Amino acid sequence: MDKTAIYTDDLLEFLNRSVVNFFAVDTVRRRLEQEGFRRLEARDHWDLQPGGRYYLTQNDTALFAFIVGESDPARGFRIISAHTDSPGFRVKPSAEMLCPGNVVKLNTEVYGGPILYTWFNRPLSLAGRVLLRSCDPFRPVTRLVKFDRPLLTIPHLAIHFNRSVNEGNPLSKQKDMLPVLGIVDDGGKADGMLCRMVAQQLGVDPDDILDFDLSLFDTTPATLEGVDREFISSGRLDDLGMVHAAMTALIESENTEVTRIIALFDNEETGSGTKQGAASPILADAMRRIVYSLGGDEETYLRAVADSFMVSADNAHATHPNYVEKQDPTNHPVLGGGPVIKINANCKYMTDADSAAVFRSICERAEVPYQYFVNHSDVAGGSTLGNILTSQIPLRGVDMGAGIWSMHSVRETASVDDHTFIIRAFIEFFSC
Ligand code: CO
């Protein structure tokens, strides 16, 4: 098999396993352990060795993995960042709602900015983490839970009740978007139903469940589409495509000199303002501890930061065939055209001409095409990790990503070729 086929198969499997942020981190963690990475705990003393492979998690939803360089600790870091979360729906506490016909639906809250109507009529399920009672109230036991079959659906209203539905249909997050879980027997209890299901799934006593974080996911697997299978269709490509590319490059690159880091943050979709998000000092703290553990001091750390470079990897908008006018008039990133360098005059992206020049050189060395994204000047764009991180650490760096269609839909579309191009560029970034 050629590399593209290997990377593509691996990506599809990765996406299918990584149904919510907790499982994205778990999938990366398992893979890293197979590759000899050792787990670190933030509260322990770190005794790191040059050439050592380590990883650290935060909240089970962010993960930082690194291979320690063997040169002077003042030598800069090479960092690729991405995010583990995707827009969707979180289950609220006391979620069960009993409706006529003994139908039970779940009360949910929207997470981030999903395109709501793409979630209707899908075979949905639930996954997340459960906190179980232990003898130490400060350390409940964490278990991940995933229901591996379609369990819920958000049924759309029939067109006969709203004849103008195709002319635009405003949606209420509280009324229109609640998923149906099932029908209980006459006299059956809806209250606590979810907790009992989770307990049964985990084989624990419902009374031992203290709390849980559960999110909806679409059970439809990732697939290839297009006449030559050139498109990847999947949920969560933003940003798990880049998480997968970063992880693959860290494993496949060979460089004994510099310290290579992948920084996978949570909560990008809600502004990064959590302890596991990019606005926290967690990456800076980890970098500092790496330098200190190698015998450096604060000045060594600051010298290393000044010599570092970061690739902030988050997806971009490829030109949509039905909406070409939405793109900038002179920059048209396309699916299959290679990594997209993202630029914004108002600094929503960290890219500047200096860092774009660096990334372009890396793409050229990797023999990978590259392209540029800027917003059409009448369209406000999004933001991402890069400029948030630079408020914590004054890093040189570039914002880039794979071009995709339908960003924040329950399924998005990316390009098979772009994924390989990006992995090759990342391997070159880590290697050169
Ligand atoms: Co994103």
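The values are calculated or read from the model by the stated rules, or taken from the named source; none is laboratory data. Note that this is a predicted model, so its numbers are computed, not measured. Glycine also receives a Cβ, built like all others from the backbone with ideal geometry; neighbour counts cover every protein chain displayed. Protein only, heavy atoms only, side chains kept; ligands, DNA and RNA dropped before computing areas. Shrake-Rupley method; radii C 1.70, N 1.55, O 1.52, S 1.80 Å.
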Item to complete: Determine the per residue accessible area of segment 256-354 with all protein chains present and a 1.4 angstrom probe, expressed in square angstrom.
Response: 41 Å²
Worksheet item: Over all distinct alpha-carbon pairs, what is the Kirkwood Rh of segment 85-230 in angstrom?
Response: 17.1 Å
Worksheet entry | Accessible-area value, VAL379, 1.4 Å probe, nucleic acids and ligands omitted, Å² | 60 Å²
Discussion item. As an exercise, use a Förster radius of 22 Å and the Cβ-Cβ distance of THR223 and THR118 to find the FRET efficiency, rounded to the nearest 0.05.
Written reply: 0.90
Discussion item. Students often forget the sequence filter, so: which lysines lie under 21 Å Cα-Cα from LYS105 once same-chain residues fewer than 8 apart are removed?
Written reply: LYS92, LYS146, LYS173, LYS175, LYS189
Fill in: Distribution of pairwise C-alpha distances over segment 1-78, 10 Å bins, in %
16, 38, 32, 13, 1
Item to complete: Using packing as a proxy for protection, rank 178-184, 52-58, 124-130, 417-423 so that the peptide with the highest average count of other Cβ atoms within 10 Å comes first.
Response: 417-423, 124-130, 52-58, 178-184
Worksheet item: Per residue of the chain, what 222 nm ellipticity follows from adding -39500 (n - 2.57) for every DSSP H run with n ≥ 4, rounded to the nearest 500?
Response: -8000 deg cm²/dmol
Worksheet, complete the sentence: With x for Gly and Pro, the residue-by-residue ³J(HN,Hα) of segment 319-325, computed from phi through the Karplus equation 6.51 cos²θ - 1.76 cosθ + 1.60 at θ = phi - 60° and given in whole Hz, is 4, 8, x, 8, 9, 4, 5
Item to complete: Using Cα centres only, tell me the gap between segment 179-229 and segment 335-355 in whole Å.
Response: 39 Å
Fill in: Surface share of carbon and sulfur [accessible, 1.4 angstrom probe, percent] for the chain
49 percent
Worksheet item: HIS156 to MET1: extension gain in nm, 0.36 nm per residue of separation minus the Cα-Cα distance?
Response: 51.5 nm
Worksheet item: Along the Cα-to-Cβ line of VAL141, 7 Å from the Cα, sits a label point; which residues in segment 175-215 have backbone N less than 15 Å from it?
Response: 199-211
Fill in: Spatial separation of Cα centroids for segment 32-65 and segment 235-271, in angstrom
14 Å
Discussion item. Just to be sure I understand the curve: with the Debye formula and one point per C-alpha of the chain, what is log10 I(q)/I(0) at q = 0.07, 0.08, 0.11, 0.12 Å⁻¹?
Written reply: -0.36, -0.47, -0.87, -1.02
Discussion item. If each residue of separation counts as 0.36 nm, what is the full-extension length gain between ARG30 and GLU252 once their alpha-carbon separation is subtracted?
Written reply: 78.3 nm
Response to the item:
Between ASN166 and ARG196, the FRET efficiency computed from the C-beta separation at R0 = 51 Å comes out, to the nearest 0.05, as 0.80
Worksheet item: Considering only DSSP states other than H, G, I, E and B, which trypsin sites (Lys or Arg not before Pro) in segment 262-337 qualify as loop sites with at most 14 other Cβ atoms within 10 Å?
Response: LYS275
Worksheet item: So between LYS326 and ARG365, what do we pick up on full extension, going 0.36 nm a residue minus the alpha carbon distance?
Response: 10.8 nm
Worksheet item: Rounded to the nearest 10 Å², what accessible area does GLU33 show when all protein chains are kept and the probe is 1.4 Å?
Response: 80 Å²
Discussion item. Taking amide H atoms as placed 1.01 Å from N in the peptide plane, list the residues 5 or more away in sequence, or in a different chain, whose amide H sits under 5 Å from that of GLU230.
Written reply: GLU225
Worksheet item: For segment 46-125, with every protein chain kept in place, what is the accessible area per residue (1.4 Å probe, Å²)?
Response: 36 Å²
Item to complete: Order the peptides 41-51, 236-246, 203-213 from the highest to the lowest mean number of other Cβ atoms within 10 Å of their residues.
Response: 236-246, 203-213, 41-51
Worksheet item: Taking only C-alpha pairs under 8 Å that are 6+ residues apart, what is the relative contact order of segment 1-130 in percent?
Response: 19 percent
Response to the item:
Interchain or sequence-distant (5+) residues whose placed amide H lies within less than 5 Å of the amide H of PHE373 are ILE341, LYS342, ILE343
